[in-house]
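Asker: Just dropping this structure here.
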Amino acid sequence: MPNFPSQLLTWFDQHGRHDLPWQHPRSPYRVWLSEIMLQQTQVVTATPYFLRFMQVFPTLVDLANADNDTVMANWAGLGYYARARNLHAAAKQCVELHGGELPCDFDALLALPGIGRSTAGAILSQAWNKPFPILDGNVKRVMTRYHGITGFPGLPVVEKQLWALAAEHISHVPQGRMADYTQAQMDFGATLCTRAKPACILCPLQSRCVAHTQGLADSLPTPKPSKTLPEREATALLLEDTQGRILLLKRPPTGIWASLWTLPQADTDSGMRDWFAGNIKGNYDNAEELPLIVHTFSHYRLHLQPLHARKVALRAKVGDNDNLRWVARAELADLGLPAPIRKLLERHPAR
(Lines give C-alpha, C1' and ligand atoms only; values in the text may rest on other atoms or scores of the structure.)
Protein backbone atom coordinates (compact mmCIF):
# COMPACT_ATOMS: atom_id res chain seq x y z
CA MET A 1 0.00 0.00 0.00
CA PRO A 2 1.39 3.46 -0.85
CA ASN A 3 2.93 5.30 2.09
CA PHE A 4 2.11 8.83 3.22
CA PRO A 5 5.03 10.62 1.45
CA SER A 6 4.54 8.85 -1.88
CA GLN A 7 0.81 9.61 -1.95
CA LEU A 8 1.46 13.22 -0.99
CA LEU A 9 4.14 13.62 -3.68
CA THR A 10 1.85 12.17 -6.34
CA TRP A 11 -0.78 14.74 -5.33
CA PHE A 12 1.82 17.52 -5.25
CA ASP A 13 3.11 16.75 -8.75
CA GLN A 14 -0.38 17.32 -10.13
CA HIS A 15 -1.89 19.91 -7.80
CA GLY A 16 0.89 21.53 -5.75
CA ARG A 17 2.24 25.06 -6.07
CA HIS A 18 5.22 25.07 -8.41
CA ASP A 19 5.45 28.74 -9.35
CA LEU A 20 6.04 30.48 -6.02
CA PRO A 21 8.68 33.21 -6.38
CA TRP A 22 11.08 31.69 -3.82
CA GLN A 23 11.14 28.46 -5.81
CA HIS A 24 12.83 30.11 -8.81
CA PRO A 25 15.64 29.92 -7.91
CA ARG A 26 15.29 28.00 -4.65
CA SER A 27 18.42 29.39 -3.00
CA PRO A 28 19.10 29.19 0.77
CA TYR A 29 18.63 32.96 1.22
CA ARG A 30 15.34 33.05 -0.69
CA VAL A 31 14.03 29.95 1.11
CA TRP A 32 14.97 31.41 4.50
CA LEU A 33 13.32 34.75 3.75
CA SER A 34 10.13 33.06 2.54
CA GLU A 35 9.95 30.79 5.60
CA ILE A 36 10.24 33.74 7.99
CA MET A 37 7.60 35.71 6.09
CA LEU A 38 5.25 32.72 5.99
CA GLN A 39 5.26 32.35 9.77
CA GLN A 40 1.74 33.45 10.78
CA THR A 41 1.16 34.76 7.24
CA GLN A 42 -0.52 33.29 4.14
CA VAL A 43 1.27 32.97 0.81
CA VAL A 44 -0.97 35.51 -0.95
CA THR A 45 -0.11 38.14 1.67
CA ALA A 46 3.61 37.37 1.93
CA THR A 47 4.34 37.22 -1.82
CA PRO A 48 4.43 40.97 -2.61
CA TYR A 49 6.57 41.59 0.48
CA PHE A 50 8.98 38.86 -0.61
CA LEU A 51 9.30 40.33 -4.10
CA ARG A 52 9.94 43.81 -2.71
CA PHE A 53 12.49 42.50 -0.21
CA MET A 54 14.38 40.74 -2.98
CA GLN A 55 14.50 43.97 -4.96
CA VAL A 56 15.78 46.02 -2.04
CA PHE A 57 17.95 43.31 -0.43
CA PRO A 58 18.93 40.93 -3.26
CA THR A 59 21.53 39.12 -1.12
CA LEU A 60 21.98 38.19 2.51
CA VAL A 61 24.91 40.61 2.73
CA ASP A 62 22.71 43.44 1.41
CA LEU A 63 20.22 42.71 4.18
CA ALA A 64 22.94 42.58 6.82
CA ASN A 65 24.37 45.93 5.70
CA ALA A 66 21.00 47.73 5.61
CA ASP A 67 19.97 50.13 8.36
CA ASN A 68 17.13 49.26 10.68
CA ASP A 69 14.70 51.87 9.30
CA THR A 70 15.04 50.53 5.75
CA VAL A 71 14.41 46.96 6.87
CA MET A 72 11.39 47.92 8.96
CA ALA A 73 9.97 50.16 6.21
CA ASN A 74 9.98 47.22 3.79
CA TRP A 75 8.39 44.94 6.40
CA ALA A 76 5.78 47.41 7.66
CA GLY A 77 2.25 46.05 7.25
CA LEU A 78 3.28 42.39 7.36
CA GLY A 79 2.94 42.31 11.16
CA TYR A 80 4.73 40.29 13.84
CA TYR A 81 7.65 42.70 13.63
CA ALA A 82 9.96 40.58 15.78
CA ARG A 83 10.38 38.47 12.63
CA ALA A 84 11.96 41.42 10.80
CA ARG A 85 14.25 42.28 13.71
CA ASN A 86 15.37 38.65 14.01
CA LEU A 87 15.85 38.40 10.24
CA HIS A 88 18.11 41.45 10.25
CA ALA A 89 20.06 40.22 13.31
CA ALA A 90 20.47 36.74 11.79
CA ALA A 91 21.80 38.22 8.54
CA LYS A 92 24.41 40.14 10.51
CA GLN A 93 25.41 36.97 12.35
CA CYS A 94 25.76 35.12 9.05
CA VAL A 95 28.18 37.80 7.86
CA GLU A 96 30.14 37.67 11.12
CA LEU A 97 30.21 33.90 11.61
CA HIS A 98 29.46 32.19 8.29
CA GLY A 99 31.12 34.24 5.56
CA GLY A 100 27.91 35.96 4.50
CA GLU A 101 26.10 32.69 3.76
CA LEU A 102 23.31 30.83 5.50
CA PRO A 103 24.89 27.80 7.24
CA CYS A 104 24.03 24.35 5.90
CA ASP A 105 23.95 22.86 9.38
CA PHE A 106 20.98 22.28 11.68
CA ASP A 107 22.57 23.43 14.93
CA ALA A 108 24.11 26.51 13.29
CA LEU A 109 20.74 27.46 11.79
CA LEU A 110 18.97 26.90 15.09
CA ALA A 111 21.42 29.28 16.77
CA LEU A 112 20.32 32.16 14.51
CA PRO A 113 17.65 34.59 15.80
CA GLY A 114 14.12 33.74 14.67
CA ILE A 115 14.87 30.21 13.47
CA GLY A 116 13.25 27.35 15.36
CA ARG A 117 13.28 23.62 14.75
CA SER A 118 10.62 23.60 12.04
CA THR A 119 12.04 26.60 10.16
CA ALA A 120 15.53 25.08 10.27
CA GLY A 121 14.14 21.84 8.86
CA ALA A 122 12.24 23.71 6.13
CA ILE A 123 15.38 25.57 5.06
CA LEU A 124 17.61 22.47 5.02
CA SER A 125 15.07 20.32 3.17
CA GLN A 126 14.10 22.93 0.56
CA ALA A 127 17.46 24.59 -0.06
CA TRP A 128 19.69 21.50 0.17
CA ASN A 129 17.27 18.52 -0.10
CA LYS A 130 18.37 17.31 3.33
CA PRO A 131 16.09 14.88 5.21
CA PHE A 132 14.71 17.06 8.00
CA PRO A 133 11.05 17.12 9.14
CA ILE A 134 8.94 20.25 9.57
CA LEU A 135 5.98 20.89 11.85
CA ASP A 136 4.32 24.19 11.00
CA GLY A 137 0.62 24.87 11.50
CA ASN A 138 -0.43 23.23 8.24
CA VAL A 139 1.58 20.10 8.91
CA LYS A 140 0.27 19.81 12.48
CA ARG A 141 -3.28 19.95 11.15
CA VAL A 142 -2.66 17.27 8.52
CA MET A 143 -0.82 14.99 10.94
CA THR A 144 -3.40 15.20 13.71
CA ARG A 145 -6.18 14.34 11.26
CA TYR A 146 -4.31 11.64 9.38
CA HIS A 147 -3.16 9.87 12.56
CA GLY A 148 -6.21 10.76 14.67
CA ILE A 149 -4.23 12.54 17.39
CA THR A 150 -6.28 14.39 20.00
CA GLY A 151 -5.09 17.17 22.28
CA PHE A 152 -4.06 20.71 21.42
CA PRO A 153 -1.00 20.42 19.10
CA GLY A 154 0.76 23.24 20.94
CA LEU A 155 1.06 21.13 24.08
CA PRO A 156 4.58 19.66 24.48
CA VAL A 157 3.31 16.08 24.92
CA VAL A 158 1.27 16.26 21.70
CA GLU A 159 3.97 18.11 19.78
CA LYS A 160 6.54 15.47 20.75
CA GLN A 161 4.28 12.79 19.29
CA LEU A 162 3.85 14.77 16.06
CA TRP A 163 7.60 15.30 15.67
CA ALA A 164 8.17 11.55 15.99
CA LEU A 165 5.61 10.83 13.28
CA ALA A 166 7.02 13.56 11.01
CA ALA A 167 10.49 12.06 11.38
CA GLU A 168 9.15 8.60 10.59
CA HIS A 169 7.47 9.85 7.41
CA ILE A 170 10.63 11.39 5.94
CA SER A 171 12.38 8.03 6.09
CA HIS A 172 10.09 7.05 3.18
CA VAL A 173 10.73 10.12 1.00
CA PRO A 174 12.46 9.20 -2.29
CA GLN A 175 16.03 10.38 -2.79
CA GLY A 176 16.26 13.98 -4.03
CA ARG A 177 12.61 14.84 -3.32
CA MET A 178 12.81 16.33 0.18
CA ALA A 179 12.32 19.87 -1.14
CA ASP A 180 9.17 18.81 -2.97
CA TYR A 181 7.91 16.80 0.01
CA THR A 182 8.32 19.75 2.36
CA GLN A 183 6.44 22.02 -0.04
CA ALA A 184 3.83 19.31 -0.58
CA GLN A 185 3.02 19.16 3.13
CA MET A 186 2.54 22.91 3.34
CA ASP A 187 0.50 23.07 0.12
CA PHE A 188 -1.70 20.15 1.15
CA GLY A 189 -2.60 21.79 4.44
CA ALA A 190 -3.09 25.22 2.88
CA THR A 191 -5.25 24.18 -0.07
CA LEU A 192 -6.93 20.82 0.65
CA CYS A 193 -6.74 19.80 4.31
CA THR A 194 -7.77 23.29 5.37
CA ARG A 195 -8.71 24.52 8.84
CA ALA A 196 -12.40 24.90 7.94
CA LYS A 197 -14.29 22.68 5.52
CA PRO A 198 -11.43 20.38 4.44
CA ALA A 199 -11.97 18.89 0.96
CA CYS A 200 -12.00 15.28 2.16
CA ILE A 201 -13.83 14.11 -0.95
CA LEU A 202 -10.80 15.12 -3.06
CA CYS A 203 -8.17 13.88 -0.62
CA PRO A 204 -5.82 11.14 -1.88
CA LEU A 205 -5.17 10.10 1.74
CA GLN A 206 -8.81 9.66 2.79
CA SER A 207 -8.79 5.85 2.90
CA ARG A 208 -6.06 5.84 5.58
CA CYS A 209 -6.99 9.09 7.35
CA VAL A 210 -8.32 8.41 10.85
CA ALA A 211 -10.22 11.71 11.01
CA HIS A 212 -12.02 10.95 7.75
CA THR A 213 -12.87 7.34 8.51
CA GLN A 214 -14.07 8.20 12.03
CA GLY A 215 -15.83 11.45 11.13
CA LEU A 216 -13.43 13.65 13.12
CA ALA A 217 -12.23 16.02 10.40
CA ASP A 218 -14.17 18.96 11.84
CA SER A 219 -13.01 18.39 15.44
CA LEU A 220 -9.29 17.83 14.75
CA PRO A 221 -6.89 19.32 15.48
CA THR A 222 -8.13 19.93 19.01
CA PRO A 223 -8.52 23.71 19.37
CA LYS A 224 -6.53 25.74 21.82
CA PRO A 225 -8.47 26.46 25.00
CA SER A 226 -10.07 29.84 24.42
CA LYS A 227 -9.46 32.88 26.59
CA THR A 228 -10.91 36.37 26.48
CA LEU A 229 -8.51 38.99 25.16
CA PRO A 230 -7.88 41.86 27.60
CA GLU A 231 -9.03 45.27 26.38
CA ARG A 232 -6.70 48.28 26.67
CA GLU A 233 -7.16 51.96 25.90
CA ALA A 234 -4.62 54.57 24.80
CA THR A 235 -4.42 58.04 23.28
CA ALA A 236 -2.22 59.03 20.33
CA LEU A 237 -1.33 62.43 18.91
CA LEU A 238 -1.29 63.22 15.20
CA LEU A 239 0.68 66.49 15.31
CA GLU A 240 1.48 68.68 12.30
CA ASP A 241 3.75 71.74 12.18
CA THR A 242 3.22 74.82 9.98
CA GLN A 243 4.83 72.97 7.03
CA GLY A 244 2.42 70.04 7.31
CA ARG A 245 5.11 67.69 8.61
CA ILE A 246 4.07 64.98 11.08
CA LEU A 247 5.77 64.37 14.40
CA LEU A 248 6.85 60.74 14.73
CA LEU A 249 8.34 58.95 17.70
CA LYS A 250 10.47 55.83 17.44
CA ARG A 251 9.37 52.93 19.61
CA PRO A 252 11.85 51.12 21.90
CA PRO A 253 13.68 48.07 20.46
CA THR A 254 11.45 45.71 22.46
CA GLY A 255 7.71 45.48 23.02
CA ILE A 256 4.73 46.32 20.80
CA TRP A 257 5.67 47.89 17.44
CA ALA A 258 9.33 47.68 18.48
CA SER A 259 11.75 49.89 16.47
CA LEU A 260 8.90 51.27 14.33
CA TRP A 261 8.07 54.96 13.93
CA THR A 262 4.65 55.85 15.27
CA LEU A 263 2.67 58.67 16.84
CA PRO A 264 3.32 59.85 20.38
CA GLN A 265 1.12 57.71 22.59
CA ALA A 266 0.09 57.40 26.24
CA ASP A 267 -2.13 55.02 28.18
CA THR A 268 -4.38 57.83 29.44
CA ASP A 269 -5.57 61.20 28.27
CA SER A 270 -3.94 62.85 31.30
CA GLY A 271 -0.65 61.13 30.46
CA MET A 272 -0.91 62.36 26.88
CA ARG A 273 -1.73 65.86 28.12
CA ASP A 274 1.39 65.85 30.34
CA TRP A 275 3.59 64.69 27.45
CA PHE A 276 2.16 67.42 25.22
CA ALA A 277 2.81 70.10 27.85
CA GLY A 278 6.43 69.03 28.22
CA ASN A 279 7.26 68.70 24.53
CA ILE A 280 4.90 70.77 22.38
CA LYS A 281 4.09 74.45 21.96
CA GLY A 282 0.35 74.63 21.32
CA ASN A 283 -3.06 74.10 22.89
CA TYR A 284 -3.88 70.47 23.69
CA ASP A 285 -7.59 71.24 24.03
CA ASN A 286 -7.75 72.43 20.41
CA ALA A 287 -6.89 68.95 19.14
CA GLU A 288 -9.58 67.32 16.98
CA GLU A 289 -10.81 63.89 18.03
CA LEU A 290 -10.49 61.39 15.17
CA PRO A 291 -12.35 58.08 14.79
CA LEU A 292 -11.29 55.41 17.27
CA ILE A 293 -8.82 52.77 16.07
CA VAL A 294 -9.33 49.20 17.29
CA HIS A 295 -6.32 46.96 16.70
CA THR A 296 -5.95 43.37 17.92
CA PHE A 297 -2.55 42.09 19.00
CA SER A 298 -1.86 38.47 19.86
CA HIS A 299 -2.39 39.03 23.58
CA TYR A 300 -4.71 42.06 23.86
CA ARG A 301 -7.04 44.37 21.94
CA LEU A 302 -6.12 48.05 21.80
CA HIS A 303 -8.65 50.88 21.56
CA LEU A 304 -6.57 53.83 20.38
CA GLN A 305 -8.05 57.34 20.40
CA PRO A 306 -6.16 59.62 17.97
CA LEU A 307 -6.16 63.40 18.47
CA HIS A 308 -5.19 65.70 15.60
CA ALA A 309 -3.53 69.08 16.21
CA ARG A 310 -2.14 71.37 13.49
CA LYS A 311 0.40 74.20 13.41
CA VAL A 312 2.19 73.13 16.56
CA ALA A 313 5.94 73.11 17.26
CA LEU A 314 8.43 71.32 19.47
CA ARG A 315 9.68 73.18 22.48
CA ALA A 316 13.22 74.46 22.04
CA LYS A 317 14.66 72.14 24.69
CA VAL A 318 13.29 69.11 22.83
CA GLY A 319 14.08 69.58 19.13
CA ASP A 320 14.54 66.82 16.59
CA ASN A 321 16.54 63.86 17.92
CA ASP A 322 17.16 60.20 17.11
CA ASN A 323 13.80 59.13 18.51
CA LEU A 324 11.55 62.13 17.83
CA ARG A 325 11.40 64.02 14.54
CA TRP A 326 9.26 65.87 12.04
CA VAL A 327 8.65 63.89 8.86
CA ALA A 328 7.22 65.18 5.58
CA ARG A 329 4.38 63.05 4.23
CA ALA A 330 6.44 62.26 1.13
CA GLU A 331 9.03 60.61 3.39
CA LEU A 332 6.61 58.31 5.20
CA ALA A 333 7.03 55.50 2.68
CA ASP A 334 10.70 55.22 3.67
CA LEU A 335 9.93 54.56 7.33
CA GLY A 336 8.61 51.53 9.13
CA LEU A 337 5.14 52.45 10.39
CA PRO A 338 2.58 50.15 12.06
CA ALA A 339 -0.21 49.34 9.60
CA PRO A 340 -3.02 51.04 11.59
CA ILE A 341 -0.95 54.23 11.98
CA ARG A 342 -0.11 54.30 8.26
CA LYS A 343 -3.83 53.90 7.44
CA LEU A 344 -4.69 56.70 9.84
CA LEU A 345 -2.23 59.06 8.13
CA GLU A 346 -3.56 58.11 4.69
CA ARG A 347 -7.14 58.84 5.80
CA HIS A 348 -6.20 62.25 7.15
CA PRO A 349 -3.99 64.03 4.58
CA ALA A 350 -2.54 67.46 5.20
CA ARG A 351 -4.84 70.42 4.55
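The values are calculated or read from the model by the stated rules, or taken from the named source; none is laboratory data. What you are looking at is a predicted structure, and each value in this text was computed from that prediction instead of being measured. For neighbour counting, all protein chains shown are included, and Cβ atoms are generated from backbone atoms with ideal geometry for every residue, glycine included. Protein only, heavy atoms only, side chains kept; ligands, DNA and RNA dropped before computing areas. Shrake-Rupley method; radii C 1.70, N 1.55, O 1.52, S 1.80 Å.
Asker: Kindly provide the set of residues from the stretch 1-22 that are open to solvent by 80 Å² or more (accessible area, probe 1.4 Å) and aliphatic (A, V, I, L, M), ordered by number.
Answerer: Met1
Asker: Okay, moving on. Would you mind stating whether Leu162 is of a type in the set (A, V, I, L, M) and not in a loop (DSSP other than H, G, I, E, B)? Before the answer, list the steps.
Answerer: Numbers: of a type in the set (A, V, I, L, M): yes; not in a loop (DSSP other than H, G, I, E, B): yes.
Considered against the rule, which asks whether it is of a type in the set (A, V, I, L, M) and not in a loop (DSSP other than H, G, I, E, B), Leu162 comes out as yes.
Asker: Next question, about the same structure. At pLDDT below 90 and either touching a Ser or Thr at 6+ places or on another chain (Cβ under 8 Å) or open to solvent by 20 Å² or more (accessible area, probe 1.4 Å) (or both): which single residue out of His299, His303 fits that description? Before you say what the answer is, go through the steps one by one.
Answerer: Numbers: His303 fails: at pLDDT below 90.
Being at pLDDT below 90 and either touching a Ser or Thr at 6+ places or on another chain (Cβ under 8 Å) or open to solvent by 20 Å² or more (accessible area, probe 1.4 Å) (or both) holds for just one of His299, His303, which is His299.
Asker: Among the listed residues Leu78, Leu87, Leu97, Leu102, which satisfies the condition of being touching a Phe, Trp or Tyr at 6+ places or on another chain (Cβ under 6 Å) and at pLDDT 95 or above? Break it down stepwise before answering.
Answerer: Numbers: Leu78 fails: at pLDDT 95 or above; Leu87 fails: touching a Phe, Trp or Tyr at 6+ places or on another chain (Cβ under 6 Å); Leu97 fails: touching a Phe, Trp or Tyr at 6+ places or on another chain (Cβ under 6 Å).
That would be Leu102, the only listed residue that is touching a Phe, Trp or Tyr at 6+ places or on another chain (Cβ under 6 Å) and at pLDDT 95 or above.
Asker: Which residue pairs have Cβ atoms closer than 6 Å, lie 6 or more positions apart in sequence or on different chains, and pair a first residue in the stretch 30-58 that is closer than 19 Å to Thr194 by Cβ with a second residue that is surrounded by fewer than 17 Cβ atoms within 10 Å (Cβ to Cβ) and not basic (Lys, Arg)?
Answerer: Partner pairs satisfying both residue conditions: Gln40/Tyr80.
Asker: On to the next question. Go through the stretch 23-47 and give me each residue that's part of a helix (DSSP H, G or I) and either open to solvent by 10 Å² or more (accessible area, probe 1.4 Å) or more than 18 Å from Cys94 (Cβ to Cβ) (or both).
Answerer: Initial filter on the stretch 23-47 (part of a helix (DSSP H, G or I)): 23, 28-37, 43-47.
Gln23, Pro28, Tyr29, Arg30, Glu35, Val43, Val44, Thr45, Ala46, Thr47 - these are the residues of the stretch 23-47 that are part of a helix (DSSP H, G or I) and either open to solvent by 10 Å² or more (accessible area, probe 1.4 Å) or more than 18 Å from Cys94 (Cβ to Cβ) (or both).
Asker: Do we have Gly154 as surrounded by fewer than 16 Cβ atoms within 10 Å (Cβ to Cβ) and more than 22 Å from the chain's Cα centre (by Cα) here?
Answerer: Details: surrounded by fewer than 16 Cβ atoms within 10 Å (Cβ to Cβ): yes; more than 22 Å from the chain's Cα centre (by Cα): no.
So Gly154 fails the test.
Asker: Is it the case that the stretch 122-132 has a residue that's open to solvent by 60 Å² or more (accessible area, probe 1.4 Å), among the aromatic types (Phe, Trp, Tyr) and not in a loop (DSSP other than H, G, I, E, B)?
Answerer: The answer is yes; a qualifying residue exists.
Asker: State whether the residues of the stretch 178-191 include one that is over 24 Å from Met272 (Cβ atoms) and exposed (fewer than 14 other Cβ atoms within 10 Å of the Cβ).
Answerer: Restricting attention to the stretch 178-191, the residues satisfying the condition of being over 24 Å from Met272 (Cβ atoms) are 178-191.
Okay, now just the ones that are also exposed (fewer than 14 other Cβ atoms within 10 Å of the Cβ), so none.
No, the stretch 178-191 contains no residue that is over 24 Å from Met272 (Cβ atoms) and exposed (fewer than 14 other Cβ atoms within 10 Å of the Cβ).
Asker: Looking at the stretch 78-114 only, could you name the residues that are in contact (Cβ under 8 Å) with a residue 40 or more places away in the chain, buried (at least 21 other Cβ atoms within 10 Å of the Cβ) and not in a helix (DSSP H, G or I)?
Answerer: Passing the criteria: only Leu102.
Asker: Taking the condition of being among the aliphatic types (A, V, I, L, M), closer than 18 Å to Ala277 by Cβ and part of a strand (DSSP E or B), how many residues in the stretch 287-311 meet it?
Answerer: As a first pass, look at the stretch 287-311 and keep what is among the aliphatic types (A, V, I, L, M): 287, 290, 292-294, 302, 304, 307, 309.
Now drop any that are not closer than 18 Å to Ala277 by Cβ, which leaves 287, 307, 309.
In the following step, the residues that additionally are part of a strand (DSSP E or B) were identified as 307, 309.
Total meeting the criteria: 2.
Asker: Right, next: Tally the residues that are open to solvent by 50 Å² or more (accessible area, probe 1.4 Å), assigned to a loop (DSSP other than H, G, I, E, B) and within 30 Å of Ala339 (Cβ to Cβ), restricting the search to the stretch 208-261.
Answerer: Qualifying residue count for the region: 15.
Asker: Hey, another quick one. Could you please give the count of residues in the stretch 306-324 that are at pLDDT 90 or above and open to solvent by 30 Å² or more (accessible area, probe 1.4 Å)?
Answerer: 3
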